[in-house]
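The values are calculated or read from the model by the stated rules, or taken from the named source; none is laboratory data. This is a predicted model, so every value here is computed, not measured. In this analysis, Cβ positions are derived from the backbone assuming ideal geometry, glycine residues included, and neighbour counts consider all displayed protein chains.
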């Protein structure tokens, strides 16, 4: 088995590398992986006569890797070479991609920019560089008047901070040493190398999470082995999946900074991973609920309180529902959704659903009534109306019976709570009641011998309840001399009762045979009278 598992894992790794290689080829051959034709690019011909146009042009030139052309949109000191301008433009492009997610509709498209932003005229702030330490630093454009007219450029103060901002990038070594083809933007503005690194990072994180879970589980196993309780061993056995997912999330947290994602993308990824942590916690709780239910059912407390047996599975299902609701709400909160308004909407919607689903609510209330009333529990033999069988499941909506014919009957809980329920499992004793017919012709002594023998058979049986044993000669029947027999067994077990009844009836047969009599069967004596026209005569026939 170990050899097969290793072989499957090796095949999985090979497939992942093939997929990564195919993705690399597609990206390198796609328009995102090749430099564009800059001669026909409209952005190089349009003058940046507004902040929006200047930013749009810079971003377009950056995507096309025309950094020397993009350097002309920087306010640089006189005499700065085009190579130096291209270097600064390239670094600024990576800084903006890392820290700011632009919404061009929010950037002024007016030639004079915004006049109500509190800045000096001809100055426009387009974003903030939110560093991990220190205050946020603005990225600004200024309007510069030249011989050919006015245009918008990145301000000198912004240009002076480019190298410092670039130095805060964690992936700057990769940006300096990877081939230019891998630094081209791909779908969703992710660079080609990032698209290649993503599947490798996820696969590597999975392996790290798997080994982390193995090590953590082995360590916890040593701890729980020292305890006398068994529930902690069962919980540890059930939370293997959550532990693996925990290792995966932790590994992704560790490798995420190496991917150099843009700040908004990284924040979204961290929110997603935080939601993954909630999934881990509530997944482990769901697994633990099953263990808790089993432990309570097997505890001494259940033996002392047998009436609570049927409430335990129902309570376990309710706890699972509560855990699922909390998991959904917590996950949505971690993803940034307004949970307060969501809960308010759920409350209003819940009232509407409750009115529309009145029957379902009745069934839910019926489930609680069954649990509180303790009329029966799972596994009991009961009779509800015309249906008789063993209780398989007491659910939130219905109760299921496995009939003696092995069919499955589903009865809504609202009907169960309203009908008469007869529970055979609650019997402490089972009554044996029958009338034994002895054939006519038996003498008084034989009847007394049979009555005494029947009582001796009953009282001599180990399963009899000795307090009440009734054996009496009761009636002259149409075709038999009737003897009434009534007694109870010591337990309410149906199988034991069947064995008891068989043994008692066989004993009765021995008693009747020894008395020299027999069991009566239905007979009738018919007397026929014949009348003659002359004289008187009578004959009789008996049969």
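Looking at (1) touching a residue at least 60 places away in the same chain (Cβ under 8 Å); (2) in a strand (DSSP E or B); (3) over 21 Å from residue 496 (Cβ atoms), which is the only condition residue 471 fails?
(1)
Look through the stretch 130-161, keep the residues that are surrounded by fewer than 21 Cβ atoms within 10 Å (Cβ to Cβ) and under 26 Å from residue 259 (Cβ atoms), and return whichever of them is modelled with the lowest pLDDT.
134
If residue 506 meets every condition in (1) farther than 15 Å from residue 519 by Cα; (2) exposed (fewer than 12 other Cβ atoms within 10 Å of the Cβ) apart from one, which number is that one?
(1)
State the number of residues belonging to the stretch 474-503 that are more than 22 Å from residue 381 (Cβ to Cβ) and either in contact with a helix residue (DSSP H, G or I) (Cβ under 7 Å, 6 or more places away or on another chain) or assigned to a strand (DSSP E or B) (or both).
Going residue by residue through the stretch 474-503, those that are more than 22 Å from residue 381 (Cβ to Cβ) are 474-486, 503.
Checking which are either in contact with a helix residue (DSSP H, G or I) (Cβ under 7 Å, 6 or more places away or on another chain) or assigned to a strand (DSSP E or B) (or both) leaves us with 474-476, 481-486.
Total satisfying the criteria: 9.
Among the residues of the stretch 432-447, write down those that are surrounded by 13 or more Cβ atoms within 10 Å (Cβ to Cβ) and either part of a helix (DSSP H, G or I) or out of contact with any strand residue (DSSP E or B) (no Cβ under 9 Å at 6 or more places or on another chain) (or both).
Selection gives 446, 447.
Which of (1) within 23 Å of residue 493 (Cβ to Cβ); (2) surrounded by fewer than 18 Cβ atoms within 10 Å (Cβ to Cβ); (3) more than 29 Å from the chain's Cα centre (by Cα) is the odd one out, the single condition residue 384 does not satisfy?
The one condition residue 384 does not meet is (2).
Condition first: surrounded by 15 or more Cβ atoms within 10 Å (Cβ to Cβ), over 29 Å from residue 500 (Cβ atoms) and either out of contact with any helix residue (DSSP H, G or I) (no Cβ under 8 Å at 6 or more places or on another chain) or free of Cβ contacts under 8 Å to residues at least 24 places away in the same chain (or both). Now tell me which residues in the stretch 397-414 satisfy that.
400, 409, 411
Out of the stretch 198-256, which residues are loosely packed, with under 14 Cβ neighbours inside 10 Å and either outside the structural domain of residue 289 (by TED's automatic domain parsing) or not in a helix (DSSP H, G or I) (or both)?
Within the stretch 198-256, 225, 226, 227, 228, 229, 230 meet the criteria.
Would you point out which residue out of 292, 314, 318, 322 is modelled with pLDDT of 70 or more, over 14 Å from the mean Cα position of the chain (by Cα) and assigned to a helix (DSSP H, G or I)? Break it down into steps so the answer makes sense when it comes.
Numbers: 314 fails: modelled with pLDDT of 70 or more; 318 fails: over 14 Å from the mean Cα position of the chain (by Cα); 322 fails: over 14 Å from the mean Cα position of the chain (by Cα).
Of 292, 314, 318, 322, the one residue that is modelled with pLDDT of 70 or more, over 14 Å from the mean Cα position of the chain (by Cα) and assigned to a helix (DSSP H, G or I) is 292.
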